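Structure first, commentary second.
What follows draws every value from the coordinates through simple rules; no lab data is involved. Note that this is a predicted model, so its numbers are computed, not measured. All Cβ positions, glycine included, derive from the backbone under ideal geometry; neighbour counts span all protein chains shown.
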Amino acid sequence: MVKDTLHRWLTENVADTRAADGPKGRVYAAPFARVWDELLAQIARQPGWKLAHKDEVLGMVTVRCRSFLFRFVDDLTLWVALDENALTRVEARSVSRVGRGDLGANHRRIRRLFLSLDRALGLECRLRERRDRARRGPRDASGATA
């Protein structure tokens, strides 16, 4: 397990909640608008993060994240949507622009954002999912799954 994680940190520069080994996405029993607004507020509070694009109709946010120490810029894309049960789902993908491995920075970025979102919305709003659920396929430019 540790060896696999270390190998992944040295050879991968992306973290995606839709990937089997990626961080877990979030599902909230809260209205879309509340989750959307709190997500934007959490992004605004992060040092070194700059909102690049937001589209409430598509439920997509793009953020440029600058690392503290080396000042590398990474791209974070978030999708907020209602699922088939009218619950608000948040998925994320963080990608380093430079380098082959990110030392786990993208995974930690997503996990920390989701933890702060959990606290802001209240843990009672977060619904836990089984990890073995069927993952969605890649999204196209509009945010729709393929």
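The table for this structure:
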quantity: Total formal charge among the other residues, if their Cβ is under 12 angstrom from that of R112, Lys/Arg +1 and Asp/Glu -1; calculated: +4
quantity: q = 0.16, 0.18 Å⁻¹, segment 2-127: log10 I(q)/I(0) [Debye, one scatterer per Cα]; calculated: -0.77, -0.95
quantity: Surface/4 of the Cα convex hull for segment 37-83, nm²; calculated: 3.4
quantity: Cut-off 10 Å between beta-carbons: net charge of the residues surrounding L76, Lys and Arg +1, Asp and Glu -1; calculated: +1
quantity: Top positive-direction residue, dipole computed over segment 2-127 with Cβ charges, set L58, G25, N85; calculated: G25
quantity: Built amide H within the under 5 Å cut-off of L127, gap 5+; calculated: V27, Y28, A29
quantity: Sequence-distant residues sharing a close amide H with G59 (under 5 Å, placed H); calculated: none
